[in-house]
Amino acid sequence: MKSMPQISNFKIIPYIILFISILFSISGQLLMKYTMSHRNEGIFTWIFIQQLVLSISVYCLGVVNWILALRSVKLSVAYPLTSLNYVGILFGSYYFFNEVITLTRIAGVITIFIGVLLVVIPLKKSI
């Protein structure tokens, strides 16, 4: 009886860390936009500083996770995957800031996504 190949947690965990890095990066960017676009009373108020520190901290968590992911994930794979930030920012900007998603932007994001797939998916070596 053949056993099914098992996926090692040690191979998946770096990619999970990488995707967490991408989520923190998207969240940090959206929080920075929110912080900077809701400044009617001035930019050096206590609330502004708190929001800015929070947004930068979230973004920095993304950097820390990025560094951890690079311990095991090839840079030539990890870096193209960060272009998924474009997708997250596009949809986050639409949802949180009512920005318009045009057909051109959708085509651009699809092109980026297909490009990422072409770079990340390994080709089988022919014998």
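The values are calculated or read from the model by the stated rules, or taken from the named source; none is laboratory data. From a predicted model like this one, the values you see are computed outputs, not experimental measurements. Cβ atoms come from the backbone with ideal geometry, glycine included; neighbour counts cover every protein chain shown.
Would you mind stating whether VAL58 is surrounded by 15 or more Cβ atoms within 10 Å (Cβ to Cβ), out of contact with any Lys or Arg (no Cβ under 7 Å at 6 or more places or on another chain) and either part of a loop (DSSP other than H, G, I, E, B) or at pLDDT 95 or above (or both)?
Spelling it out, VAL58 is indeed surrounded by 15 or more Cβ atoms within 10 Å (Cβ to Cβ), out of contact with any Lys or Arg (no Cβ under 7 Å at 6 or more places or on another chain) and either part of a loop (DSSP other than H, G, I, E, B) or at pLDDT 95 or above (or both).
Can you list the helices (runs of 4 or more DSSP H) found entirely within the stretch 71-127 that contain at least 3 residues being within 23 Å of SER21 (Cβ to Cβ), under 17 Å from the mean Cα position of the chain (by Cα) and touching a residue at least 40 places away in the same chain (Cβ under 8 Å)?
75-81, 84-97
Can you run down the residue pairs with Cβ atoms below 9 Å, 6 or more apart or on separate chains, where the first is in the stretch 20-35 and more than 15 Å from VAL87 (Cβ to Cβ) and touching a residue at least 60 places away in the same chain (Cβ under 8 Å) and the partner is part of a helix (DSSP H, G or I) and among the small types (Gly, Ala, Ser)?
Qualifying pairs under 9 Å: LYS33/SER55; LYS33/GLY92; LYS33/SER93; TYR34/SER55.
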